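A.B. asks: First the structure, then my questions, so here it is.
No lab work stands behind these numbers, since they all come straight from the coordinates. Since this is a predicted model, take the numbers as computed values, not measurements. All Cβ positions, even for glycine, are placed from backbone atoms using ideal geometry, and neighbour counts span all protein chains on display.
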Amino acid sequence: MEYFNNLYRTKGGNLVVEFLLVKISEEIGWRAYILSPINYAQYAANRSTGGHQTHRLVESGDEMKRKIKTFMQYNPPFRSCPRRIDPENDVLNYICWTGRVQSLESIKLLASTWSEITAYYIRFGGSFEVIQPVLKRLGVIEL
């Protein structure tokens, strides 16, 4: 198993997310685990926090949760993003993506794209499916 700790700050600077990028296997590929708490109600209390609307899945494997918890215990968070989820009490989410992500560069691009769309969603609302082409057209994201 390969892993890479990554921090992403959105271009607008209003969201900083720490990710643990993990290569699960050759068959599954890479996943981007979200280690930072995300405040979806920062601008609007009615913003949905559901996994479907925010393109997040929940890690259900006890072995993977144990490995990520161990990583978090022995690796301090980035100074510019010191808050982390509590693996004992919080749900461990990863970015929902339908295809297999085959490389570290691709999962980094996916994590940055998800972060930019999430920041826009928190600020203005809308669906990821509507936000994505807008941000792509504006040159904020590549995917």
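A.B. asks: Tell me which of these GLU105 doesn't satisfy, since it passes every other one: (1) surrounded by 11 or more Cβ atoms within 10 Å (Cβ to Cβ); (2) farther than 16 Å from THR10 by Cα; (3) of a type in the set (Asp, Glu).
C.D. replies: (1)
A.B. asks: Of a type in the set (A, V, I, L, M), surrounded by fewer than 11 Cβ atoms within 10 Å (Cβ to Cβ) and either under 15 Å from TYR120 (Cα atoms) or touching a residue at least 40 places away in the same chain (Cβ under 8 Å) (or both) - does that describe any residue in segment 1-20?
C.D. replies: Yes, the conditions are met somewhere in segment 1-20.
A.B. asks: A follow-up question, please. Do the conditions hold for GLY13, that is, is it assigned to a loop (DSSP other than H, G, I, E, B) and on the phi > 0 side of the Ramachandran plot?
C.D. replies: Yes: the conditions hold for GLY13.
A.B. asks: Quick one: would you say LYS65 is basic (Lys, Arg), surrounded by 15 or more Cβ atoms within 10 Å (Cβ to Cβ) and touching an Asp or Glu at 6+ places or on another chain (Cβ under 7 Å)?
C.D. replies: So LYS65 fits the description; yes.
A.B. asks: Out of curiosity, is GLY139 assigned to a loop (DSSP other than H, G, I, E, B) and either at positive phi or of a type in the set (A, V, I, L, M, F, W, C) (or both)?
C.D. replies: Values: assigned to a loop (DSSP other than H, G, I, E, B): yes; either at positive phi or of a type in the set (A, V, I, L, M, F, W, C) (or both): yes.
Considered against the rule, which asks whether it is assigned to a loop (DSSP other than H, G, I, E, B) and either at positive phi or of a type in the set (A, V, I, L, M, F, W, C) (or both), GLY139 comes out as yes.
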